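A.B. asks: Quick one: structure below, then a few questions.
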Amino acid sequence: MTQQRHPTYPLRMSGSVRRSAALYAKKDGSSLNHFIELAVAEKIARLEAEEFFTQRRQGAAPEAFWDFMNRTDSPPPQAGDEMPEDSAFAAKLRVLRNDPSRRKLQD
């Protein structure tokens, strides 16, 4: 059985970043190399998610969203699922529902 070789990549980083990464890798119980590989993978995942949602937003239909949010034919929330009227989200939703000019999707 042959062992697969992974290409190496010499990585330059500041001493303080390397020391912090080594410290957290040790706390995590992993090697510095593995810790850095996971950090890069997490960053890639975040960027891919951002790209995905940016593309999804381009096909959004804000009026359809507000039609859905303002529908009156749905049953009321079940006991315990009500939104507290004093919550910040409920207050924002009331403003948005009453002011159509503010219903644009945020960039």
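The values are calculated or read from the model by the stated rules, or taken from the named source; none is laboratory data. Since this is a predicted model, take the numbers as computed values, not measurements. All Cβ positions, glycine included, derive from the backbone under ideal geometry; neighbour counts span all protein chains shown. For the accessible areas, the whole protein counts, side chains as well, though only heavy atoms, and no ligand, DNA or RNA atoms are used. Shrake-Rupley method; radii C 1.70, N 1.55, O 1.52, S 1.80 Å.
A.B. asks: Pick from Ser14, Ser20: which is farther than 30 Å from Arg94 by Cβ, surrounded by 10 or more Cβ atoms within 10 Å (Cβ to Cβ) and modelled with pLDDT of 90 or more?
C.D. replies: Ser20
A.B. asks: Additional query: Any chance region 88-96 includes a residue that's open to solvent by less than 80 Å² (accessible area, probe 1.4 Å) and β-branched (Val, Ile, Thr)?
C.D. replies: yes
A.B. asks: Now for a separate question. Is there any pair linking a residue in region 74-101 that is within 23 Å of Glu63 (Cα to Cα) to one that is open to solvent by 100 Å² or more (accessible area, probe 1.4 Å) and not aromatic (Phe, Trp, Tyr), with Cβ under 6 Å and at least six apart or on different chains, and which?
C.D. replies: Qualifying pairs under 6 Å: Leu96/Arg102.
A.B. asks: Quick one: which helices (runs of 4 or more DSSP H) lie wholly within region 1-103 and hold at least 2 residues that are among the hydroxyl-bearing types (Ser, Thr, Tyr)?
C.D. replies: Per the criteria, 15-28.
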